[in-house]
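Inspection log for the structure reproduced underneath, given as structure tokens.
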């Protein structure tokens, strides 16, 4: 007999993913090995699993309950992120299909690991206890070690995996040490109990040290300064689908637990949080955008620019009002839709061009007008040009920060948009203004064409008609306070 | 109906995307229709505009994001109706030029319509969020248009223009956000902000702090010296239709925002910085004038000339009195039409000859009399010959500025002399003098489609040259409201 407090229905989406994972694994073993095709059994099962998990989220929307005696909570905040993860996983699966069709590597394990990552992410944003949080985080991080080094014949990929492993382990070590410090002082790892003790003694040095160490673990996931060193090399070496998943889902997850922990567990840290986060936001925006100026490799470029975006996300967390969290969550939507579009196009084009260098994109405007046009749109959206998604994201984050008296940070963030426009437009310049020696047109599969079309429409839609997406974000943000 | 002004070109752009690129006639007719309809709509609003009323007319509003006080609000007063008329004229003339594009016409017309639509958006919207959104949206089509279809150093020109204007826009955005925060109205509604500030203006210190962000941020677009350097290079690189729209209309969005936001919302702050603005404007007049004398490339010459003329506009704004400001708005209109006409002439020649240097031409009034006459007329308008509206506009700027900055007025009048030097020299070298046999085969503008842009623009210049009150009777009451 299962006690009522277990409230197992809340874990329905995770259960779906788990079952599909087992099913796919067994199916993989049972079927003889055919040569890799675009519609392999695993691909379809993985895609179906993610769609089912997303569908399973829908009946849970709006619920705010706890399971396993408060170990696991499901509130609209968690649901928001789970939906974001599932939707980005769908795009990532499409990228993987493109990537492996051409790379002709054995791809089934990639999808299985992807599903495993997704389970970790789902549990992570629902964690209400540091122990569960750590376990989920390790599931995610370990899966990403595999995903990064997946192209095992490429030295770059192995190097990327190794770098991610070393720095990731360091971050995990920091985090678990921080958690043990908290446990040492509180005698529990549960969020509510730690909150109670921390609110009573917010000046305790040892507790603060614990908080900082936990923060380091999250900073690694979000890739904010000074935990960003792994980004450029890992982005350059890892397979593009992995990079896309890293830059959208993993960053969003880091951001989710950051907000969950800092607003529901350590709200007493308010003044310190504002100073720390705005200083780091400043450095992160500067590092990402200035670093990106000199890049000649598309994936590296997006590595740096994703650091810059993390800085803008952090502004919302620094302000820490329901309005600013809403703005940050909305920013995350705009960032996700633009970034996924960029990486899907990079996958499709990269496979045909056999390179991720910017010079390889010369003449793309003539060779593949559709790809180039969509990439132009996605790049401008990333830079924050209206009426595209990225503009609205930046606008509302900056608006919320102006109200919170972080005016210099706003000025800096606004000016850095002009800087970022330079490197994004530099990419556009390669596609449209430079001639290529190769002139043959590039074929695009209908499924990718469809998905790129949907994402481009999404960029316009989120940028122009912000209200419904703002509504999702607002609904999610409310549950943090 | 006012909502359709930006939306007709934008929707037509979407339609163009769906049409195969082989059907060039259809593409062209769609583009021309999509510019002609808003032109007619603008004339209709001009006709319906009630001169006896002050304040905004034809106002329509739709809630957009109520939580942040954002609404889609559009309407006209005398000021933006004048700007809208300018844009209607230039965009209609420009589309005939754009339709002649041979290389990838589909994409060019697509971008042209996006550009046209977003400028209409700027001049119709009365909500700061959407105003800013449309303002920056113009950058999307500009970059590829200059970079792909431009000439001579086009990549550099496109990048420089985009980055300068974006940096300015970001400063201005910061200013607008500060204003929004300080007002505490939780609204971007321009009419509401204007009414609120009339009864309870902002504090002096805050206005002084905020005004530079607006003045400099949008001043970049108005090619305020020393932030003008993107402008001649950008115009020289841009294809003809873009040069026409940019020098004619886009640049005028800078002064438009300065009047709407700085002069109207921050009178004390603007007054505090007015002298600095006027000095920079006067330096710009003389500096860009001398620079224009040195140019051999005609497009560079006209580019510097437009920087110089924007100096008069900014000087007129800096007077902060009714005469100077209405002179500035009238000059914006006149210069916009004139600059578009000049670029259309140069572009018409360049299409055939692929040279733009003054010394390459000669005696064109024999070979291509129609275009040569148009060029001469536009140049005469530019140097302020009575009969064109530029004359009355510049005169009003001087009269307005004389009591406030007499020294600068003397400098500015000197600027007219400089204008005369480079324009008369250009006319002499291009249209008169020994006939260059190289151009004996040059074709003049003959068909309706070729002549119409020139006739439209010069006709407007002459009309309001003899009847400046046609515009001033709309501009002055509206400015009176802003200044009161």
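The values are calculated or read from the model by the stated rules, or taken from the named source; none is laboratory data. Worth saying up front: this structure is predicted, and the values here are computed from it rather than measured. Positions of Cβ are backbone-derived with ideal geometry, glycine not excepted, and every protein chain shown enters the neighbour counts.
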For this session: Just give me the residues in region A:374-391 being farther than 17 Å from residue B:133 by Cβ and either at the interface with chain B (Cβ under 9 Å from one of its Cβ atoms) or free of Cβ contacts under 8 Å to residues at least 12 places away in the same chain (or both), in sequence order.
Result: A:376
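Please find, among B:241, B:237, B:282, B:211, the residue that is crowded, with 24+ Cβ neighbours inside 10 Å, under 17 Å from the mean Cα position of the chain (by Cα) and either in contact (Cβ under 8 Å) with a residue 60 or more places away in the chain or farther than 30 Å from residue B:351 by Cα (or both). Walk me through how you get there before you give the answer.
Values: B:237 fails: under 17 Å from the mean Cα position of the chain (by Cα); B:282 fails: under 17 Å from the mean Cα position of the chain (by Cα); B:211 fails: under 17 Å from the mean Cα position of the chain (by Cα).
The conditions single out B:241.
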Exercise. Hey, any hits in region A:444-459 for a residue that's within 12 Å of chain B (Cβ to nearest Cβ), farther than 16 Å from residue B:140 by Cβ, in contact (Cβ under 8 Å) with a residue 40 or more places away in the chain and touching a helix residue (DSSP H, G or I) at 6+ places or on another chain (Cβ under 7 Å)?
Worked result: no
Exercise. Just a yes or no: is a residue in region B:23-33 at pLDDT below 90, over 30 Å from residue A:401 (Cβ atoms), surrounded by fewer than 20 Cβ atoms within 10 Å (Cβ to Cβ) and within 14 Å of another protein chain (Cβ to nearest Cβ)?
Worked result: no
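Of everything in region B:306-324, what is part of a helix (DSSP H, G or I) and farther than 18 Å from residue B:384 by Cα? Give them in sequence order.
Keep residues of region B:306-324 that are part of a helix (DSSP H, G or I), which gives B:306-319, B:322-324.
Selection gives B:317, B:318, B:319, B:322.
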Exercise. If we scan region B:163-174, do we find a residue that is modelled with pLDDT of 90 or more, within 9 Å of chain A (Cβ to nearest Cβ) and in contact with a strand residue (DSSP E or B) (Cβ under 7 Å, 6 or more places away or on another chain)?
Worked result: no
Problem set entry | Residues of region B:55-105 that turn out to be over 30 Å from residue B:23 (Cβ atoms) and away from every other protein chain (no Cβ under 14 Å), as a count | 21
Seminar exercise, completed: Given the conditions (1) buried (at least 24 other Cβ atoms within 10 Å of the Cβ); (2) not in a helix (DSSP H, G or I), every one holds for residue B:342 apart from (2)
For this session: Report yes if some residue within region A:342-354 is away from chain B (no Cβ under 14 Å), surrounded by fewer than 22 Cβ atoms within 10 Å (Cβ to Cβ) and out of contact with any helix residue (DSSP H, G or I) (no Cβ under 7 Å at 6 or more places or on another chain); otherwise report no.
Result: yes
Problem set entry | Filtered residue count, region A:431-443, keeping only those that are more than 9 Å from every other protein chain (Cβ to nearest Cβ) and buried (at least 20 other Cβ atoms within 10 Å of the Cβ) | 1
Exercise. What single numbered condition from (1) touching a residue at least 60 places away in the same chain (Cβ under 8 Å); (2) surrounded by fewer than 20 Cβ atoms within 10 Å (Cβ to Cβ) fails to hold for residue A:145?
Worked result: (1)
Problem set entry | Enumeration of residues in region A:392-408 that are assigned to a helix (DSSP H, G or I), surrounded by fewer than 23 Cβ atoms within 10 Å (Cβ to Cβ) and in contact (Cβ under 8 Å) with a residue 60 or more places away in the chain | A:399, A:403
Exercise. Within region A:410-428, which residues are within 7 Å of chain B (Cβ to nearest Cβ), under 23 Å from residue A:279 (Cα atoms) and surrounded by fewer than 22 Cβ atoms within 10 Å (Cβ to Cβ)?
Worked result: A:411, A:415, A:418
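Check whether at least one residue in region A:134-151 is in contact with a strand residue (DSSP E or B) (Cβ under 7 Å, 6 or more places away or on another chain) and either modelled with pLDDT of 95 or more or not in a loop (DSSP other than H, G, I, E, B) (or both), and report yes or no.
Start the filter on region A:134-151 by keeping residues that are in contact with a strand residue (DSSP E or B) (Cβ under 7 Å, 6 or more places away or on another chain), which leaves A:136.
Pick out the ones that are also either modelled with pLDDT of 95 or more or not in a loop (DSSP other than H, G, I, E, B) (or both) and you get A:136.
Yes, the conditions are met somewhere in region A:134-151.
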